[in-house]
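Here is the structure we will look at, set down as structure tokens.
No lab work stands behind these numbers, since they all come straight from the coordinates. Because the structure is a prediction, the values reported are computed rather than measured. Here the Cβ positions follow ideal geometry from the backbone for every residue, glycine too, while neighbour counts run over all protein chains shown.
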Amino acid sequence: MREFGPVPSAFVNIEDLRRAARRRLPRSVFDYIDGGAEGEVTLRENCRAFEDVGFRPRCAVETPAPDLRTTVLGTPLSLPVILAPVGSSRMFWPRGEEVAATAAGAAGTIYSLSTLSGCRLEDVKKATPGPAWYQLYLCGGRDVAGATVQRARDAGYSALILTIDTPVAGMRERDLRNGARELLTRKPFEMLPHIGQFLARPRWLSAFFGDGGLMQFPNVMLPDGPMLYADVGVMLEQSTVTWRDLGWIRDIWKGPIVIKGIHTGDDARRAVDEGASAIVVSNHGGRQLDGVRATIRVLPEVVAAAGDRTEVLLDSGVRRGSDIVKALCMGARAVLVGRAYAYGLGAAGGPGVTRAIDILRTDVIRTLKLLGCRSVAELDASYVDVPREWLRATAETSA
Ligand SMILES: Cc1cc2nc3c(=O)[nH]c(=O)nc-3n(C[C@H](O)[C@H](O)[C@H](O)COP(=O)(O)O)c2cc1C
């Protein structure tokens, strides 16, 4: 059965894409995208905390065509939005990583490929007319990861993202309830109670089998072949990255390294001291340690600690262009989005990703016009009211 996606312009905001993804995907796949760790406190707070930042517009200002262009690590972007690494995207849509990378390149931005992807990194790079970053987990150990880093360099990836907040996968309760463990046992009696959710989504099921069924991880080449889906949890736990690893990774990679998973000014300083070219204030979209502060709340502390020595990026909770504008006003150079485009991919494939980026782009243009600001380069702290207590850590950091 061939799958036709819904008309993408019918999606007015990211929440519309989310609802459409929920309608198309089996529950376990949708919840894998949508869910967070434990009580999902950080997941919710990431989005909600943007509401605590107010705008201070300048009215009666002419802003005919706001300029959204920026650069990150010297790479020109058509808007200050990068697609974050999202593992298992091939479960959301056939050849999902290639499809998302194509859409990112066409939109003039960077696609970040997760180690935990179902498509070969070479094929993903070829699929995008734009730049791409490779996100590294050390699954399989130093030799396996080192070989992948070489491949990423040869394929033309322009930066390496090192994610430092995943010494173990977070406790995603939805995944357990949906039978994530049982479904991977391949034992019919254990799988049976969880099969109904797939039968209820025949269009997805047909696309899934058409794309080869359960994906493996071709960018984690173990001695006996690609890492299997069922092994990812154990492999992650055996492969904790530490600051000591930066040395050998830098020797092999030789290009810019982006450290993702910064929560404090202290770690921001440490990352820069260890040679990071950019850092991402990120809590993995609330999927790892539940109870950590929302990233927009942490941003002032990180910018005060390291903003003059490195490029600061932010992710987690970005669903609207106004969120992006707030982050830029508070010192981020650009944002990464994960779910915002993953919902689009799950809902409608490439056109869904394109629509997600278009929604954010249109939002940013409108917000700049309403703020009376001519370009993202001109955004600064004077356009926002930030809660005073968020800035207290800043004063302590710089004291
Ligand atoms: C389904 C899903 C899978 C993810 N997989 C990875 C991954 O493999 N590596 C990684 O560094 N981050 C991963 N992330 C985290 C994202 O890179 C990003 O930090 C997060 O999605 C930002 O929050 P947001 O979804 O609210 O935009 C994943 C996020 C989602 C939603």
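Quick look at the values:
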{"read-out": "Three-way shape label, the range 272-382, alpha-carbon gyration tensor, a/c 1.5", "value": "oblate"}
{"read-out": "Rg over Rh, two decimals, the chain (C-alpha only, Kirkwood Rh)", "value": "0.95"}
{"read-out": "Dipole moment magnitude, nearest 20 debye, the range 1-117 about Cα centre, only Lys, Arg, Asp, Glu C-beta charged", "value": "320"}
{"read-out": "Two-site FRET efficiency, Arg186 against Val61, from Cβ-Cβ distance with R₀ of 56 Å, rounded to 0.05", "value": "0.35"}
{"read-out": "Binned Cα-Cα distances of the range 52-100, short to long, each 5 Å bin given as a whole percent", "value": "5, 14, 12, 12, 16, 17, 9, 8, 6, 2"}
{"read-out": "Fewest-first sequence of Met235, Met330 by Cβ atoms within 10 Å of each Cβ", "value": "Met235, Met330"}
{"read-out": "For the range 236-389, size of Cβ-based charge dipole, Lys and Arg +1, Asp and Glu -1, in debye", "value": "480"}
{"read-out": "Within the range 180-336, percent of DSSP bridges classed antiparallel, to nearest 5", "value": "25"}
{"read-out": "Local electrostatic count, Val335, Cβ distance below 14 Å [Lys/Arg +1, Asp/Glu -1]", "value": "+3"}
{"read-out": "Rg/Rg_globular for the range 149-218, with Rg_globular taken as 2.2 N^0.38 Å and Rg from C-alpha atoms", "value": "1.55"}
{"read-out": "Footprinting exposure proxy for Lys125, Lys369, Lys260, Lys254 (fewest neighbouring C-beta atoms within 10 Å first)", "value": "Lys254, Lys369, Lys125, Lys260"}
{"read-out": "For the range 296-321 and the range 54-102, distance of Cα centres in Å", "value": "16"}
{"read-out": "Lys, Arg +1 and Asp, Glu -1 on Cβ, resulting dipole of the chain about Cα centre, debye, nearest 20", "value": "980"}
{"read-out": "Restricting the range 11-96 to trypsin sites (Lys or Arg not before Pro) in coil, as DSSP defines it, with at most 14 other Cβ within 10 Å", "value": "Arg58, Arg69"}
{"read-out": "Ranked Ile262, Ile357, Ile249, criterion: other C-beta atoms within 10 Å, fewest first", "value": "Ile249, Ile357, Ile262"}
{"read-out": "Value of [θ]222 nm, deg cm²/dmol, for the chain, DSSP H segments ≥ 4, -39500 (n - 2.57) each, nearest 500", "value": "-12500 deg cm²/dmol"}
{"read-out": "Virtual paramagnetic centre 7 Å along Cα→Cβ of Glu378, amide N under 13 Å, in the range 291-330", "value": "none"}
{"read-out": "At 1.306 mPa s and 10 °C, Stokes diffusion of the range 11-64 via Kirkwood alpha-carbon radius, µm² per second", "value": "111"}
